[in-house]
Structures are given as structure tokens and as C-alpha cells.
Amino acid sequence: MSHNFFTKILWQDFLSLIYPEICVHCGDNLLKNESYLCTICLTSLPVTKYAQEHEQAFFNYFSYLPKVSAAIAYLHFREGGVAQSLLHKLKYKGQPALAVMLGTYFGRHLMRHGHLEADYLLPIPMHPEKERKRGYNQSHEICKGLSAVLNIPIKEQFLVRISDPKTQATSRVVDRWRQLENVYLVEQVNLLKGKSVIIVDDVVTTGATMSTICELLSPYVQRIIILAAVTGK
Ligand SMILES: [Zn+2]
């Protein structure tokens, strides 16, 4: 071991005394083998039952869409709950590793309930300006964790975000859906022929974005699977 190695270790220990790493949910100091979540919060993650074959409640929101064969969300969103803390942290620049970790846990959870087969993982793209400010697209980072566990490659070129919906003050649901249709584009469609794709988002609330993207993809692909790290449903 080099002198530098020990200096580095000492320096890290010193820093952790001043700035201890804390659990993103409860704020307790983390032990050396813990990252982002303490063991208590990790074991109390609000994991859904949506990966179980007979549990179709999440899928039912999307089952009317053509080509959609499965929809699974990993965590339940609860006000003040662990999933809310995780989502909150994901939105801060500099926390992409937390999104990768979440994707890894999600991937392991899926593997425990049977292997998902697909050709590509497609992260839902962010508005380019927002992504530039944040420094990363959290759905893409979640895909990295999923990809490592499920052994399915990530493809970013097929789903493209072109603009934000016009921020008109409209209460009409139909208007808002029309606006979403103008936000996303599917590109290189000939490369999607006969492929099974998994669309990945960090959080699904109304399901409007996910449904719009499924409708845009369905003429080209053979099968669509929907994955959401967190859901309010
Ligand atoms: Zn904790």
C-alpha cells in the first residue's frame, strides 16, 4: 500500500466526520457498507406487488394500448415516504448514481419474479434544456442499473423529445394529451421492426406520457413492456 493510499483513506475518514454521509430518507448517518439508504429504510422500501404474475392492477392502466404486454412499477409513492425522498434526490444534480442504484434494485426485483425478455431498453427522454441543467436524465440512469442486471442494451436514438408542451392554462385533459403528442418523436423506425422494447420512466403518475409514447411506438415494434421505478398508482 502506498503512502498516498493511506493519506486518501485518512482524508475520506476526516471528511466523513465533518460531512457524514446520511440516509436520503431518514437522515441517519450511513455505515460504510451502506449507500444512499440506511439498512432500515432499504428493508422498508414500499415495493409493489406488480411484478407478480397475478397482480395486474398497474398493467390494467395500459392494457388497452396496442402491443403493451406488461407494465410493472417497482415502488409505491407515498407522501413523506422513502420513494418520495428518492425521487426528490434524483432531481438534484450530482445524484445520478442514486438513479443507477434504484435501477439495479428494480432489475433484481424483476429477476426474482421471472426474467423479462426484450431487445432494447428505451429511457423516456427529458427536455434537452432541463437535461443540460440537471446534468443527466434520471430515466436513462435508471436504465443503466436495469441494463446491468437484465443484460438488455439501452437505446436512446429511437425516442426523441422535441419541445415542451405549450404551457397554456388549460384544464381540458384532451388538450393536454394533444400537447404531449407533439413532444415526442420516434426515429429510425425501420430498426424497430419486430423488436420488443421496454420503456422506462422514473415515475408514472397520470400515465399520460407513457401512454402517448406507447401509441407512437406501437405501429413499429412487436411488443412493449412498461417499467416505472415509482408510481402513484
Ligand atoms: Zn434511513
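The values are calculated or read from the model by the stated rules, or taken from the named source; none is laboratory data. Just so it is clear, the model here is predicted, and its values are computed rather than measured. Here the Cβ is made from the backbone with ideal geometry for all residues, glycine too, and neighbour counts use every protein chain on show. Please note that ligands, DNA and RNA were not included when accessible areas were found on the heavy atoms of the full protein model with its side chains. Shrake-Rupley method; radii C 1.70, N 1.55, O 1.52, S 1.80 Å.
The simple Förster model, with R0 at 30 Å and r as the Cβ-Cβ distance, assigns Val47 and Ala208 a FRET efficiency of 0.75. Of the peptides 217-223, 201-207, 28-34, 68-74, the ranking by mean beta-carbon count within 10 Å, highest at the top, reads 68-74, 201-207, 217-223, 28-34. Per-residue accessible area (protein heavy atoms, 1.4 Å probe) orders Met111, Met210 as Met111, Met210, starting from the largest. In this structure, His113 and Asn33 have a Cβ-Cβ separation that, at R0 = 25 Å, corresponds to a calculated FRET efficiency of about 0.45. Amide H contacts of Val230: Tyr74, Leu75, Val203, Val204, each under 5 Å away and 5 or more positions distant or on a separate chain (H built 1.01 Å from N in the peptide plane; Pro and chain starts excluded). Dividing the summed -39500 (n - 2.57) terms of all DSSP H runs of n ≥ 4 by the residue count of the chain sets its mean residue ellipticity at 222 nm at -11000 deg cm²/dmol. Our estimate of slack between Arg161 and Ala97, defined as 0.36 nm per intervening residue step minus the Cα-Cα distance, is 20.7 nm. Couplings for the range 83-89, taken from phi via the Karplus curve 6.51 cos²θ - 1.76 cosθ + 1.60 with θ = phi - 60°, read 5, 5, 4, 5, 4, 4, 5 Hz in order; Gly and Pro are left as x.
Across the range 194-206, computed HN-Hα scalar couplings (Karplus, 6.51 cos²θ - 1.76 cosθ + 1.60, θ = phi - 60°) run x, 8, 9, 10, 10, 8, 10, 10, 6, 9, 10, 10, 7 Hz from first to last residue, x flagging Gly and Pro. In the context of the full set of protein chains, residues of the chain present 55 Å² of accessible surface per residue (probe radius 1.4 Å, heavy atoms only). With respect to the chain, whose longest principal axis is taken over its alpha-carbon atoms, helix 208-217 is tilted by about 60°. Counting only protein heavy atoms and a probe of 1.4 Å, the accessible surface of the chain is 53% carbon and sulfur. Across the options Leu217, Gly80, Ile198, the greatest Cα extent toward the positive end of the charge dipole of the chain (unit charges at beta carbon of Lys, Arg, Asp, Glu) belongs to Leu217. Taking the longest Cα principal axis of the chain as reference, the axis of helix 96-112 is set at about 70 degrees. 3J(HN,Hα) along the range 218-224, derived from phi through the Karplus expression 6.51 cos²θ - 1.76 cosθ + 1.60 where θ = phi - 60°, amounts to 4, x, 9, 8, 8, 8, 10 Hz, with x in place of Gly and Pro. Simple point charges give the picture: +1 on the Cβ of Lys and Arg, -1 on the Cβ of Asp and Glu, and for the chain a dipole about the Cα centre of about 280 debye.
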